[in-house]
1. Going by average Cβ density within 10 Å per residue, which order do the peptides 160-166, 139-145, 96-102 take, highest to lowest?
2. For region 46-85, which trypsin sites (Lys or Arg not before Pro) are in a loop by DSSP, counting at most 15 other Cβ atoms within 10 Å?
3. Could you give the distance between the Cα centres of region 209-224 and region 104-144, to the whole Å?
4. Do the sum for the chain: with -39,500 (n - 2.57) for every DSSP H run of n ≥ 4, divided by all residues, what is the mean residue ellipticity at 222 nm, to the nearest 500 deg cm²/dmol?
5. Would you list which lysines come within 18 Å of residue 109, measuring only between C-alpha atoms, while excluding same-chain residues fewer than 8 positions from it?
6. Take the chain, mark every one of the GluC sites (Glu not before Pro) that falls in a DSSP loop and has at most 12 other Cβ within 10 Å, then report the longest stretch left between them, sites excluded.
7. Thinking of the chain as a set of Cα atoms, what percent of all their pairs are more than 23 Å apart?
8. In the chain, what cysteines have no partner Cβ closer than 4.7 Å?
Amino acid sequence: MSTAFPIQHLGANIEIYSAPPVRGLIQHAVFDFDGTLSLIRAGWQEIMLSLCVEALEKTPTAKDCATLTDICRDFILQLTGRQTIYQMMHLAEEVRKHGGTPCDPLDYKWQYLNLLQGKIAHRLEALEQGAEKNPYRIRGSIALLDELTRRGTTCYLASGTDEPFVIAEAKLLGVDHYFSERIYGARDDYQAFSKQMLLEQIRNDHGLHGAELAVFGDGYVEIESARSVDGIAIGIASLESGEQGWDEWKKERLRTAGAQIMVPDWQESALLLSFLFGETDV
Ligand SMILES: [Mg+2]
């Protein structure tokens, strides 16, 4: 973990680990979806974890449940932000390591999606029937997107969830119009897309310097990718239960991944943007 600089605080809950050297130039902003803007898929980690532990329990050299849970939790979280198939590929590898014969990772993925569908069906249904959207959004999401749009920033949505689901769920949450056609997710041809590839493409297409590109996300992968293209990495250690406060585990991992700024939600988005645009100092 980077401890070279003391944490600086802004407002009630914005933590700054290393202020971007240049501020005020952001033109493009890339958002993760689940856990960053959306709570529709909240609880996916537990579903994936139980699927993975069950698969490993059936192997000849299975360890005790607690050990298997640790193994699975580790790789699931390490790969959070990448497309689901990578987690399932890792599961297949673990099954093999434990002397078992794995299913095709794509089969594991469909098993997982079916289980998850069972968990979130009532949320999708409620939203389709016009339920209040705010309980399914991370707090402050709309104000943040409104303000970025007002400032002329081009926003992109990039998710490890399959693209048709991301598009449908962004519509249900009423956030699709901020991104128009710039919504990206996992494809069947999984090598055709990654967050890293998208960031590089945006940078190259627009001839950007790092300070012109910001990434907002709750996953290890988008934060690491942001830093690798010299972009500004804003981590959100959100509690997916919808409660207020930090997810301490996410916070620690995102900081390790290189997040420069951390928030628990977007409630202080006005202050955050004012800092990012160089109008407010710590
Ligand atoms: Mg996420």
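1. 139-145, 160-166, 96-102
2. 58, 63
3. So the separation of the two Cα centres works out to 24 Å.
4. After summing the helix terms and dividing by residue count, I get -14000 deg cm²/dmol.
5. Straight-line reach from residue 109, under 18 Å: 58, 119.
6. After excluding every exposed loop site, the longest remaining stretch is 1-131.
7. Percentage above 23 Å: 53.
8. 65, 103, 155
Computed from the coordinates by the stated procedures, all read-outs in this text should not be read as laboratory data. In this text, all values refer to a predicted model and were calculated from it rather than measured experimentally. Positions of Cβ are backbone-derived with ideal geometry, glycine not excepted, and every protein chain shown enters the neighbour counts.
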